[in-house]
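First comes the structure, then the notes that go with it.
No value in this document is a laboratory result; all are computed from the given coordinates. Remember, it's a predicted structure, so these values are computed and weren't measured experimentally. Glycine gets a Cβ as well: all are built from the backbone with ideal geometry, and neighbour counts include every protein chain shown.
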Amino acid sequence: MHYYTYKNDILHCEDVPLPEIARNVGTPFYLYSTATLTRHFKAFDGAFEGIPHITCFAVKSCSNLAILRLFANMGGGADIVSGGELFRALEAGIDPKRIVYSGVGKTEEELRYGLQAGILQFNVESEQELFKLQDVAASLKSVAPVSFRVNPDVDPKTHAYISTGLAQNKFGIAIADAERIYRNAAAMPNIHVQGVSCHIGSQLTKISPFVESLHKLKLFVGCLQESGIEISYLDLGGGLGITYGEEEPPHPQTYGDAIKKEMEGLHCTLILEPGRVIVGNAGILVAKVLYTKAGVKNFIVVDAAMNDLARPSLYNAYHAIQPVIGNRQEKMIADVVGPICETGDFLAKDKELPAFQPNDLLALMSAGAYGFTMSSNYNSRPRVAEVLVNGNGYHVIRQRETHEHLIAGESIPEYLIES
């Protein structure tokens with residue numbers, strides 16, 4: 001469910017016509033709907049009503065401060081994977097005791113930052129990380145709250161690049177090794193073992209891999225308890241998929257019911273790390289047609305590119321494309337491409353689309369997750385603006401970068417100037 005609808009053949013976000021935003025903000029821009037974000041967060045969080053749980057939004061999927069603050073205002077926490085994301089979460093007003101720190105490559109400085117901030121827990125992903133965390137915590141005369149990310153070797157049946165729970169993936173600790181590592185950690189003076197963590201992948205459209213993972217974790221928690229290691233938090237990660245095109249992912253309530261049933265007998269607080277399922281369909285990328293080219297293939301050249309939305313080039317991902325003015329009857333088979341000097345710079349390939357003309361606006365749908373956060377300055381292109389709609393008003397929540405932003409922090413050594 002989202003709040004992007006046509007009114008009198010003009011695409012609106014809630015009650016705001018998109019051409020109005022384009023005139024005032026320029027293109028391209030990312031656009032988010034407050035009503036959709038709120039609805040999705042409440043639908044997901046509410047699916048776990050009745051059991052102790054924390055909904056920690058996956059910051060990597062969409063990290064704008066305004067959006068993080070919106071979730072914080074609804075009681076949300078944060079799943080972070082870098083010191084920069086921790087900084088964002090704290091700046092947005094998220095309670096540190098609702099922040100979990102995941103990721104395979106935490107630096108010593110990042111571990112120190114998390115300890116000093118007083119976060120809920122570190123999801124440790126290797127023995128060497130555990131040893132480093134013990135050293136850092138000892139140097140601060142503190143105790144690090146720890147969960148280990150256990151790799152259950154479950155096939156999530158998703159794209160290989162976003163699968164994280166198989167034995168060959170870089171993430172987590174093999175479940176066969178985990179009990180030994182837990183026992184070692186429990187004996188460390190500056191480590192407090194409190195949880196078990198698992199995340200098997202992203203854009204899952206079936207419930208069965210989640211249930212299979214949770215079943216394995218439940219058995220594992222029982223083994224730990226028999227060894228005298230009490231577990232108070234079970235972090236099941238995120239990964240629930242959304243509809244980009246023909247997918248039919250389960251509703252969050254169906255997912256929640258299945259998880260709550262499997263949780264019976266476990267006296268743990270459940271931690272969930274949704275990202276895409278909340279923000280994916282709440283955001284779009286709006287672009288303007290620059291040129292059209294006809295020949296062996298038809299091309300629609302727009303002012304957005306792979307540096308703005310990497311998913312089509314990176315994953316061959318599909319994003320539906322809708323005209324902002326929705327009364328075009330003529331169709332064409334075309335590629336939608338951008339200005340980047342790469343053949344891989346495409347936003348859609350061989351799709352039936354309206355016969356767009358120069359200056360037309362188009363919307364790339366379901367771009368709220370891993371859209372702006374994966375964008376870059378490749379080809380020295382300034383990153384685009386982000387806009388948040390609330391009812392009949394809108395706010396620029398990130399200004400479009402300028403050329404001056406591109407060279408901020410750079411310098412020319414004096415010997416080059418003198419020459």
Considering only the other residues whose Cβ falls under 14 Å of the Cβ of Gln253, what net charge follows from Lys and Arg at +1 and Asp and Glu at -1? +1
Output ordering of 43-51, 223-231 (per-residue mean of other Cβ within 10 Å, highest first) is 43-51, 223-231
Send over the semi-axes of region 206-249's equivalent ellipsoid, whole angstrom and largest first, taken as the square roots of 5 times the C-alpha gyration tensor eigenvalues. 31, 10, 4
Under a Cβ-Cβ cut-off of 12 Å, what is the net charge of the residues other than Ala320 that fall near it, where Lys and Arg count +1 and Asp and Glu count -1? -2
Two-site FRET efficiency, Cys223 against Thr254, from Cβ-Cβ distance with R₀ of 25 Å, rounded to 0.05: 0.25
Could you give the nm distance between label points at Ala187 and Asn8, where each point is 7 Å from its Cα heading toward the beta carbon? 7.5
Difference of contour (0.36 nm per residue) and Cα-Cα distance, Lys293 to Lys141: 48.2 nm
Residue-wise, which Karplus ³J(HN,Hα) couplings in Hz belong to region 197-209, taking 6.51 cos²θ - 1.76 cosθ + 1.60, θ = phi - 60°, and x for glycine or proline? 10, 7, 8, 9, x, 10, 6, 7, 10, 10, 7, 4, x
Distance in nm between pseudo-label sites at Glu127 and Lys261 (7 Å out along the Cβ direction from Cα): 3.9
Which entries in Lys60/Lys97; Lys42/Lys97; Lys42/Lys260; Lys106/Lys288 show an alpha-carbon gap greater than 28 Å? Lys106/Lys288
Fully extended, how many nm does the chain gain between His403 and Glu418 (0.36 nm per residue separation, minus their Cα-Cα distance)? 2.9 nm
Compute, for region 369-415, the length of the dipole vector about the Cα centre, with Cβ point charges of +1 (Lys, Arg) and -1 (Asp, Glu) only. Units Debye, rounded to 20. 260
Tell me the angle of helix 127-139 to the major Cα principal axis of the chain, expressed in degrees between 0 and 90 and rounded to the nearest ten. 80
For helix 252-262, what angle does its Cα long axis make with the longest principal axis of the chain, in degrees from 0 to 90 and rounded to 10? 10
What helix-only [θ] at 222 nm does the chain give? Using -39500 (n - 2.57) per DSSP H run of at least 4, over all residues, to the nearest 500, the answer is -8500 deg cm²/dmol
Sequence order, region 300-315: Karplus ³J(HN,Hα) from phi using 6.51 cos²θ - 1.76 cosθ + 1.60, θ = phi - 60°, Hz rounded, Gly and Pro as x, gives 10, 8, 10, 8, 9, 8, 4, 6, 8, 9, 7, 4, x, 6, 7, 10
Percent of Cα-Cα distances greater than 15 Å, calculated over region 333-419: 75
Which one of Val154, Ala287, Thr107 has its Cα pushed farthest toward the positive end of the charge dipole of the chain, where Lys and Arg give +1 and Asp and Glu give -1 at the Cβ? Ala287
Across region 275-419, how large is the tail of the calculated P(r) beyond 18 Å, expressed as a percent of all Cα pairs? 61
Where a label projected 7 Å from the Cα of Tyr378 along Cα→Cβ would reach, residues of region 312-349 with amide N under 15 Å: 312-317, 337-348
Given points 7 Å out from each Cα along the Cα-Cβ axis, report the Gln116 to Ile207 separation in nanometres with one decimal. 4.5
Quarter of the surface of the C-alpha convex hull for region 178-259, i.e. direction-averaged projected area in nm², equals 6.1
